[in-house]
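The structure appears below as structure tokens.
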Amino acid sequence: MSDRMWYVAVDGQTIGPMSEAELVDALESSSYAPDTQVYCEGVTEWAPANTVAELKSHTPPPPPPGQTTRGTVADEVDFDIHGEEMQFVEVELDPGESVVAEAGAMMYMGDGIEMETIFGDGSAKQSSFVDKLVGAGKRMLTGESLFMTVFSHQGSGKSRAAFASPYPGKIIPVNLAMHGGQIICQKDAFLCAAKGVSVSIAFQKKVGTALFGGEGFIMQKLEGDGLAFIHAGGTIIERELGPGETLRVDTGCLVALESSVNYDIEFVGGVKSAIFGGEGFFFARLRGAGKVWLQSLPFSRLAGRIWQAAPQTGGRTQGEGSILGKMGGIGGIFDGD
């Protein structure tokens, strides 16, 4: 083995330096996934461990398609997503299957489905009361409710429950088994998931990310091998970043990212651009390899426009081609506003 020192990227953080022997031991014991991003002195970019000549013979083979090394613990559910701008997801449950959702997300549920409010997320990681209490406390840090709701099919045959997004946008299904068993998402993106998926918090440890990252110091971490449904504003796109590829995005437009993607904050540049450019002072800098999900309309941007236009804050009705619309309050008398 060489004497070069190695670094590992985990949850957007750099771990190291460590010797090649230490890294090999960690890979062989599955402390790091085979496709974990690694870097060593003398090379120009990060790469998955199982593609590096010195390491790939020490990485275990990938699991068969549709399986993960974590084992199947989440319920397997079928689903349909309905609508265009105001979507909802309809989840089909077999007897004994359950889905966990944010409090207040339920739209309707069929015969045989029982609803129960719980601490935490109901995953196997929160089996004891103390674990549930800790899980609820973590959710409180993200600004979410202490409670979540579990919908379990206690009857016979198949039954369905539906969950609606809280504002215009899109709902996307994410099979965590296909993303290394974990994704990081903005704190209000989670809608619902098959029971067994763990919903916890992910601390952004870098000071710059914590202070200026838009989504702040805390994001949500979804772990497991089942389906999770996340929502965001406008249109959601999925981008695949290659090793070392960098993408700069508005901090509010970041929805989710795989744990292999490095997430940091970058100042936009000159003072004039920062103050008058209208894009804020900071970008989110995403560095691959891995997948990221972006939204075209952050809810904060939508809410800001509504607030600016609200009469209570000095906004005015802007008529589209109407003389009454251009007369401010007079037009409001005639149109009922």
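How far is it, in nm, from the label point at residue 2 to the one at residue 158 when both lie 7 Å from their Cα along the line to the Cβ?
5.4 nm
Using modelled backbone amide H atoms (1.01 Å from N, in-plane), which distant-in-sequence or interchain residues come within less than 5 Å of residue 5's amide H?
Long-range HN contacts for residue 5: 41.
Let me check I've understood the local charge: for residue 83, count other residues with C-beta under 15 angstrom from its C-beta, Lys and Arg +1, Asp and Glu -1. What total comes out?
-3
Could you pull out the pairs from 56/291; 158/291; 56/187 whose alpha carbons sit more than 28 Å apart here?
158/291; 56/187
Between residue 15 and residue 248, 0.36 nm times their residue separation minus their Cα-Cα distance comes to what?
Going from the current span to full extension adds 81.6 nm.
What is the packing order of peptides 284-290, 81-87, 101-107, taking the mean over residues of other C-beta atoms within 10 Å and listing the highest first?
284-290, 101-107, 81-87
Under the 0.36 nm per residue contour assumption, what length would be gained going from the current alpha-carbon distance of residue 178 and residue 43 to full extension?
Result: 45.7 nm gained on full extension.
The numbers here are math on the coordinates, done by the rules we state, and not lab data. Just so it is clear, the structure is predicted and the values come from calculations on it, not from any experiment. Neighbour counts run over all protein chains shown; Cβ positions are idealised from the backbone, glycine included.
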